[in-house]
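Read through the structure below, which is laid out as structure tokens, and then see the notes.
The values are calculated or read from the model by the stated rules, or taken from the named source; none is laboratory data. Keep in mind that what you see is a predicted model, and the values were worked out from it rather than measured. Virtual Cβ from ideal backbone geometry, glycine too; neighbours counted across all protein chains shown. Ligands, DNA and RNA are excluded from the accessible area calculation, which covers all protein heavy atoms including side chains. Shrake-Rupley method; radii C 1.70, N 1.55, O 1.52, S 1.80 Å.
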Amino acid sequence: MSENKESPPPYSEKPELTMAEKNGKIGEQMKGIDNKAFDNKDEKIDIEIAVEEKFDPWALPELKDTGTPWDELSTNGKIWRVLWTIIRVLMFLTALYVFFCSLDFLSSAFKLLGGKAAGEVFRNNELLSNPICGVMIGVLSTVLVQSSSTSTSIVVSMVAADIMDVQRAIPIVMGANIGTSVTNTLVSIGQITDVSDFRRAFAGATVHDMFNWLAVIVLLPLEVLTGYLFKLSSVIVDSMHLQTYEDANKDLLKAITKPFTKMIVEVDSKKINKIVTHGETVTLLKTCCKSKTVTKLNATGATISEKICTQNCSHLFMNTDLSDAAAGSIMLVVSLVLLCLCLFSIVKILNSLLRGNIRKVIKKFVNYEFPGKAAYFTGYIAILIGTGLTILVQSSSIFTSTMTPLVGVGVVSLDRMYPLTLGSNIGTTTTGILAALATDTSGGYIHLQNSLQVAMCHLFFNLSGILLFYPITFMRFPIRLAKFLGNTTAKYRWFAIIYLILMFFLFPLLIFAISLAGIEVLAGIGVPILCILLFIIVVKVIQSKKPQWLPKKLQNWKFLPLFLRSLEPYDRIFAVCACCKVCKKEDDVINAESEKQMNTKL
């Protein structure tokens, strides 16, 4: 078939637009196509395919440096530019510091609100005997305390105290891996006002979610059937010469943020362990900041040790009569407000600082690929970097939450965020290992061996997931799933909130509730649902690759009601929300401009 060179392309841009700028507007342009009326629906499909093939919505945008070139500035202008740059850098560092503090406040708020509940759930051994229940408990408890490090440390303490065996602890650790990704997903919503930034930020955050969910879906059944994590960790721990180190659990980042955060609130995470191990009913607000152990004789002349407080804490909630729930509610509001303000400030300052050549240099460094065949190993270097940085801050949530805005503003690509996230998953396992090394061995070294074995299971679980979903490019499903979620939220921004509620609260609660009825009931409900999902996935793949292989009716989903194949009906429902109206108004403006451009080009 001959090519008609005179026919205009399905879509073209104004000459002055750069390719990066056109890529940054792909979401809005596609919406313009969706809103345009076509006489022939095949014409619309052809145009959409042409646009998608020509542009990449995930390409990193470039901002034009509209300022006066350095050589053309006067002496006073050069001095002012340097000073203004220093001021913005200091503002960025201040906003980043308060951002870290707000994450600490958020963690404290969730611990105060849900720490006791999480501790009581951990005490129920009947629930923990069901591996699926264990995973959901790990998810929910980590969401409640906003820290996989805390929930993993609790599990390590329970194993060390003989409250739980190693095999029951493994599913909980897997669930904790999922729960820790809620923080950066929440952080991504801070960029919801800009469609392109939000697309990238949400995808950058949910690539963590997708990896953790897929790893659990594959490795949990394998562990239940073979016990490979238990056996592998047992062999390694038995061959080690173990020694305890009471001061092992160190946190570099908290050494920086603690001077400020401890003036506002202090939560004693060890008291959650006491709830689990001893069933104590105590307030989680820290009251004693320094204590010492004294030895004295009792009435019978026996020597006893007693811990006495030498310095009371001085945080804002110290001398109040507020309950843990009331203090947690206040801190939740404060932390969310600070989080939003800091995110807004960080994004604005980054966009101001990272323009033109500066952004090009940073993007080139962060997203650098080794030349030739060595490019394959670039991602593994990123994994090592993510591991090292997470070990420094002792929190995968903080590391990935810091990276998420950078993905949103276009400094870090999604393909680079993925290996950094995988490295972060490895780095966070060091917290459990350090907690295990600090185990009290007065009852024998078997306690240390068991607790360290749990921590090693956490490490090998993440390593196994990486081996499954990273070395082979085709197997990097988390990236494709994250892009799908990013595109969905770019079109329906309310979907991000629904996703958070469903994936981290309602879905785990539902699976947990069904699991209580027994494994038979769970299998009776879950297996048909999984078969339906598998059928949909297979049909979807064939529709995109070889639709002629399917019956005519299955070549598309138009035979289904609209509410089963599109989010559009739900979009009309959520459009009544005030904040959604604002986003909808902005989208209408963008779509109107896109449609006007399409009318002139088609």
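What does the highest-first list of 308-321, 412-425 look like by mean Cβ count within 10 Å?
Highest-to-lowest ranking by the protection proxy: 412-425, 308-321.
Sorted by accessible area with a 1.4 angstrom probe, largest first, how do 494, 80 fall?
Greatest to least solvent exposure: 80, 494.
If DNA, RNA and ligands are ignored and the probe is 1.4 Å, what is the ranking of 239, 396 by accessible area, most exposed first?
So, going from the largest accessible area down, we get 239, 396.
State the Kirkwood hydrodynamic radius of region 360-399 in Å, one decimal place, computed from all pairs of distinct Cα atoms.
11.3 Å
Quick one: ranking 485, 467 by accessible area, 1.4 Å probe, largest first, what do you get?
467, 485
Sort 538-550, 201-213 by the packing proxy (mean of other Cβ within 10 Å over each peptide's residues), most packed first.
Result, highest mean first: 201-213, 538-550.
Any of 111/286; 262/348; 111/262; 111/348; 78/364 with alpha carbons more than 21 Å apart? Name them for me.
262/348; 111/348; 78/364
Kindly provide the Kirkwood hydrodynamic radius of region 464-549 in Å, to one decimal, from all pairs of distinct alpha carbon atoms.
When all Cα pairs of region 464-549 are included, the Kirkwood radius is 15.9 Å.
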